[in-house]
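The values are calculated or read from the model by the stated rules, or taken from the named source; none is laboratory data. No experiment lies behind these values; they were computed from the predicted model shown. Here the Cβ is made from the backbone with ideal geometry for all residues, glycine too, and neighbour counts use every protein chain on show.
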Amino acid sequence: MRPASLFLASGLIVAIGCGPTPEVTTETTVRAARTLSETTTTETVPPFNPPAGLVEAVTISIAGDGRDRADVIAVANEDEVGLFTSIASCSLVEGSGWFPLEIVAADRTGSFLRLWSHTYTPEGLGAIEGELIVRRPGRVSLAAAVTVFVGDGETSGSFTGTTDDGETISGEFECRGSLSTSEAEEHADAELSIRVVDNDRVDEQRIRRLGFRASSTQACPTSSEGTSKRWQIIDAEHPVGGLTAVRLLFNSATNQWSGEFQVAQDVVVVEQLVVAEMPNGIVLSGVSTDGLSVDGALSC
């Protein structure tokens, strides 16, 4: 769990709550009722609602040369999720075409899958060149260059490619319970995209790309001189990958920027953030208090 120094600034809203529900059986996993020792009363914990900007579940199947059956990885956001813990994220539908393809499926057993593209998804969502990495406990890791074909419903698709070892692979993916492109607001004309990298591991490098869309009047404050010493994204309407809020502050006493990024249940804090103001936004980079590399850009 990352530091819990949540945003205390006025007006910052993180949409993670969930209210009580009747005790009915649904497709959502409900935690088991526990009996209180002092009474016979039982208490049922309400179903978990994924934080804003996360799909309900991601499923990917992979078949290849010499494989008897397809390898299937399915992850659902059914419990508390974190930046690099159990998480199901699918920017293809969460970002509604604004962001590069980025599908992450990771569970608590150590299985991790990432399917991503190097460029923004094209109009029409045709063939997208990208990469795939898969790690499963007790199995050889898989890395491949792939071409992704997005389905008509923009919530599923397929891919083909070749691994670093020369194996030909193919597969299918599905993202369930996500935002629809029809829900995009016309005034969402600004975009923040960040990348969080965990390099502090011997056997792997973990990467998450996140972002959100908002109104430029909300996300891009400027003074009469064309600059700003405070950037605060409030109540992101279209989060991607669970990034729901960002706060960037400039300390005139130290001449230094700092940043906080709300990601699912975590807060990534960067005490010394390098910020460069551009004509159409800002670019930023830094290292969090937990040693995570953070870089990104706000385009207005």
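Looking only at the stretch 212-229, decide whether some residue is in a loop (DSSP other than H, G, I, E, B), surrounded by 14 or more Cβ atoms within 10 Å (Cβ to Cβ), at pLDDT 70 or above and touching a Lys or Arg at 6+ places or on another chain (Cβ under 9 Å).
no
Among (1) farther than 23 Å from residue 197 by Cα; (2) modelled with pLDDT of 80 or more; (3) of a type in the set (S, T, N, Q), where does residue 77 come up short?
Condition not satisfied by residue 77: (1).
Quick test for you: out of 204, 185, pick the one residue that is outside any strand (DSSP E or B), surrounded by fewer than 12 Cβ atoms within 10 Å (Cβ to Cβ), acidic (Asp, Glu) and modelled with pLDDT under 75. Spell out the reasoning first.
Details: 204 fails: surrounded by fewer than 12 Cβ atoms within 10 Å (Cβ to Cβ).
Step by step, each of 204, 185 is checked, and only 185 is outside any strand (DSSP E or B), surrounded by fewer than 12 Cβ atoms within 10 Å (Cβ to Cβ), acidic (Asp, Glu) and modelled with pLDDT under 75.
Considering only residues that are of a type in the set (Ser, Thr, Tyr), out of contact with any Ser or Thr (no Cβ under 7 Å at 6 or more places or on another chain), surrounded by 15 or more Cβ atoms within 10 Å (Cβ to Cβ) and in a loop (DSSP other than H, G, I, E, B), which ones fall in the stretch 121-169?
121, the sole residue that qualifies.
Which of (1) under 23 Å from residue 85 (Cβ atoms); (2) surrounded by 14 or more Cβ atoms within 10 Å (Cβ to Cβ); (3) touching a strand residue (DSSP E or B) at 6+ places or on another chain (Cβ under 9 Å) does residue 291 not meet, given it meets every other one?
The number of the failed condition is (2).
I'm checking my understanding of the structure. Among residues of the stretch 82-120 that are surrounded by fewer than 22 Cβ atoms within 10 Å (Cβ to Cβ) and touching a His at 6+ places or on another chain (Cβ under 9 Å), which one is modelled with the highest pLDDT?
Checked the stretch 82-120; the qualifying residue modelled with the highest pLDDT is 100.
Of all residues in the stretch 60-79, which are in a loop (DSSP other than H, G, I, E, B) and either crowded, with 20+ Cβ neighbours inside 10 Å or hydrophobic (A, V, I, L, M, F, W, C) (or both)? Reasoning before the result, please.
Applying the first criterion (in a loop (DSSP other than H, G, I, E, B)) to the stretch 60-79 yields 65-70, 77-79.
Correct list: 70, 77.
Collect the residues in the stretch 240-284 that are among the polar types (S, T, N, Q) and either in contact (Cβ under 8 Å) with a residue 40 or more places away in the chain or crowded, with 24+ Cβ neighbours inside 10 Å (or both), keeping them in residue-number order. Steps first, please.
The initial filter retains those residues of the stretch 240-284 that are among the polar types (S, T, N, Q), namely 244, 251-252, 254-256, 258, 262, 265, 272, 280.
244, 262, 265 - these are the residues of the stretch 240-284 that are among the polar types (S, T, N, Q) and either in contact (Cβ under 8 Å) with a residue 40 or more places away in the chain or crowded, with 24+ Cβ neighbours inside 10 Å (or both).
Which residues, taken from the stretch 80-120, are assigned to a loop (DSSP other than H, G, I, E, B) and charged (D, E, K, R)?
Residues of the stretch 80-120 that are assigned to a loop (DSSP other than H, G, I, E, B), as a first pass: 80-86, 95-99, 107-111.
Once the filter is applied, which keeps residues that are assigned to a loop (DSSP other than H, G, I, E, B) and charged (D, E, K, R), the stretch 80-120 yields 80, 107, 108.
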